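Readers should treat all values here as calculations from the given coordinates under stated rules, not as data from a laboratory. This is a predicted model, so every value here is computed, not measured. Cβ coordinates were reconstructed from backbone atoms using ideal geometry, including for glycine residues, and neighbour counts include every protein chain displayed.
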Amino acid sequence: MPSSPDIALAAGTGVTGEHGRRRLDRRRAVRDGLVIAGLVYLAYRFLVIGPASGAVGADAFAYWRLDPQDPYGLPNGTLGAFLYPPPMVRVFAPAGGLPWVDFWWLWTALLLGTVVWLGWRRTLLVLAFPPVALELFYGNVNLLIAAAIALGFATQPPGRSSCWPRRHRGSDSSGSPSGVNGEGLRSLLPRRLLSSQPRSQLTASSGASGSRTPSRPWPRRRSINRTSPFRW
């Protein structure tokens, strides 16, 4: 019985019959070959390059050896140099209380758990992606940032319409996705541009034509006073 990735791949081909099965087999062979090559590269990184270079967990080592009193004492390019903004100093400051080996194992387990959460049924596909192998090798924080971005797309504040179109929302009468509206675009704009704009002026007008143009144009920059070029 074909697996769910195979069913999705067959649905994406748009063909059926013997020709479609051969085409599906070719794509599946290419996919499986790339996955095997990516997993071999991951193992090669940890089993061959790691012992030879001693660079396994180089970024995690910078988080562990962080000195909160002098976080930027080491220059860029030096092993253990901390290159993150000051708020991250408090985040990684407790890491120094653990032995280095214990911290590396816990940090790597956290990154692997993040990969499993991101990939779920396709975890092997994520692990076979070479940039992910590099992130695990050096112990970088980018995987956690990727998880935060994915979580931000997955969640939505209550009472606020999303600015991203979704398949189940369909389209409105004007042909644009119903998820893209004035309220969704409002969340993307800086607050200083919206402080003087009533909420009703950013929503679509409900005319007979069904158009979604704002009822009032955006405020324009005031003309320069000719008597004083430094005043607006």
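At a 10 Å Cβ-Cβ cut-off, how would you order PHE92, PHE46, fewest neighbours first?
Details: PHE92 20, PHE46 13.
Ranked by crowding around the Cβ, least crowded first: PHE46, PHE92.
Mind checking the full-extension length gain between ALA150 and THR108? Use 0.36 nm per residue of separation minus the Cα-Cα distance, one decimal, nm. Walk me through the intermediate numbers first.
Numbers: separation 42, 0.36 × 42 = 15.12 nm, distance 1.98 nm.
Answer, rounded to one decimal: 13.1 nm.
The rule of thumb for compact globular proteins, 2.2 N^0.38 Å, goes into the C-alpha radius of gyration of segment 13-72 2.09 times. Assuming R0 = 25 Å, can you tell me the calculated FRET efficiency for the pair VAL48 and ASN76, based on Cβ-Cβ distance, to the nearest 0.05? My answer for the efficiency is 0.35. Taking each residue as 0.36 nm, the span from GLU18 to TRP120 lengthens on full extension beyond its C-alpha to C-alpha distance by 33.6 nm.
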